[in-house]
Amino acid sequence: MKTEGSMTTPAAPGENESKKPNITAEQVRKLRERTGAPMMDCKKALEASNGNEEAAVDHLRKQGISTAAKKAARVTSEGSVASYIHAGGKIGVLVEVNCESDFVARTDDFKDLIKDIAMHIAAADPKFVRKEDVTPDAYEREKEIYRAQAAATGKPAPVVEKIVEGKMSKFYEEVCLLEQPFIKDQTISISQLIATKIGKLGENIAVRRFARFKVGDAGETVAVTKPTEPKAE
């Protein structure tokens, strides 16, 4: 037998659902212009970030990195070569960037990416494509220099090794293209820039090789990505 007040009023449709923030078309447009991500992805990122644009940018970057990691083992047999000549003709760069299909290679997004990478190489002068491409000789030579510098301060050996470890991490950022901060946006690395494009275009993208020439230099920088063993499914 029901007692007075025991009856419950049914919840109105949607009353118990989590409320989504009211995202305007202008907010979506601004985020799209800033990141280049698709409209729906921008809208979802803003909703997930309660309308906060900075948090939405971070959300899209994380999404791109996650997508890039899933596609990293996929073969990139298409792509394009881009060149960049610095103002005055003193520095020239050639770079090959690969993707999975000729369709993506012909898109404006992909073309813009390779141009940005070529311009970055001209300005930042990387010596290798990835950390994995650093030769043992180059690594050990740099490590010994840092160790000698740290030891000269008179600090104990354990402290010296910690200093060297920190400097070697910075070394990768200085000489490896994918680790360097992007010259147009110092808050992201080149690898994060590429990850964003992977998330947008839906294909794996990889820098294959590059060459950088500077007038007056005795040599040139030529960097090629070492082949990696395909991952087992």
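The values are calculated or read from the model by the stated rules, or taken from the named source; none is laboratory data. Here the structure is a predicted model, which means the values were calculated and not measured. For neighbour counting, all protein chains shown are included, and Cβ atoms are generated from backbone atoms with ideal geometry for every residue, glycine included. In case anyone asks, the SASA skips ligands and DNA or RNA and just uses the protein heavy atoms, side chains included. Shrake-Rupley method; radii C 1.70, N 1.55, O 1.52, S 1.80 Å.
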| Which FRET efficiency value, to the nearest 0.05, is calculated for ILE85 and THR187 with the Förster distance at 25 angstrom and r the Cβ-Cβ distance? | 0.35
| note | segment 50-208 -> Rg/Rh from Cα coords, Kirkwood Rh, value 1.05
| remark: Any residue on another chain or 5+ positions along whose placed amide H is under 5 Å from the amide H of THR221 is listed here as ARG212
| message | Please list, ordered by chain and number, the residues whose modelled amide H lies under 5 Å from the amide H of PHE182; skip anything fewer than 5 residues away on the same chain. | response | ILE188, SER189, ILE190
| query | To the nearest 0.05, how large is the calculated FRET efficiency for ALA55 and ASP112 if R₀ is 25 Å and r is the Cβ-Cβ distance? | reply | 0.50
| field | For segment 162-184 versus segment 81-128, the gap between their alpha-carbon centres in whole angstrom | value | 21
| request: Enumerate the residues in segment 81-117 having an amide nitrogen under 12 Å from the point lying 7 Å beyond the Cα of GLU174 toward its Cβ. | output: none
| field | Pairwise FRET efficiency - ALA123 versus ALA25, Cβ, R0 = 25 Å, nearest 0.05 | value | 0.10
| What ³J(HN,Hα) values, in whole Hz, does the Karplus curve 6.51 cos²θ - 1.76 cosθ + 1.60 give for segment 50-62 when θ = phi - 60°, with x put for Gly and Pro? | 6, x, 7, 5, 4, 5, 5, 4, 4, 4, 5, 5, 4
| By per-residue mean of other Cβ atoms within 10 Å, what is the highest-first order of 131-141, 183-193? | 183-193, 131-141
| remark: The set of residues whose placed amide H lies less than 5 Å from the amide H of ILE23, leaving out same-chain residues fewer than 5 positions away, is none
| Gain in span if fully extended, PHE103 to ARG208, counting 0.36 nm per residue against the direct Cα distance | 36.0 nm
| What do you reckon, how do MET39, MET119 stack up by accessible area (1.4 Å probe), largest on top? | MET39, MET119
| Calculated from backbone phi, Karplus (6.51, -1.76, 1.60) coupling profile of segment 128-136 in Hz, x at Gly/Pro | 9, 7, 10, 4, 5, 8, 5, 6, x
| query | Among 96-106, 215-225, 199-209, what's the highest-first ranking by average C-beta atoms within 10 angstrom per residue? | reply | 199-209, 96-106, 215-225
| message | Using the Karplus curve 6.51 cos²θ - 1.76 cosθ + 1.60 with θ = phi - 60°, what ³J(HN,Hα) values do you get for each residue of segment 86-94, in whole Hz, with x for Gly and Pro? | response | 5, 3, x, x, 8, 10, x, 9, 10
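For a 20 Å ceiling on Cα separation, which of these pairs sit above it: LYS111/LYS197; LYS30/LYS184; LYS43/LYS184; LYS127/LYS214; LYS131/LYS170; LYS20/LYS43?
Among LYS111/LYS197; LYS30/LYS184; LYS43/LYS184; LYS127/LYS214; LYS131/LYS170; LYS20/LYS43, the Cα-Cα distance tops 20 Å for LYS43/LYS184.
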| note | So, over other residues within a Cβ distance under 12 Å of HIS86, counting Lys, Arg +1 and Asp, Glu -1, the net charge is +2
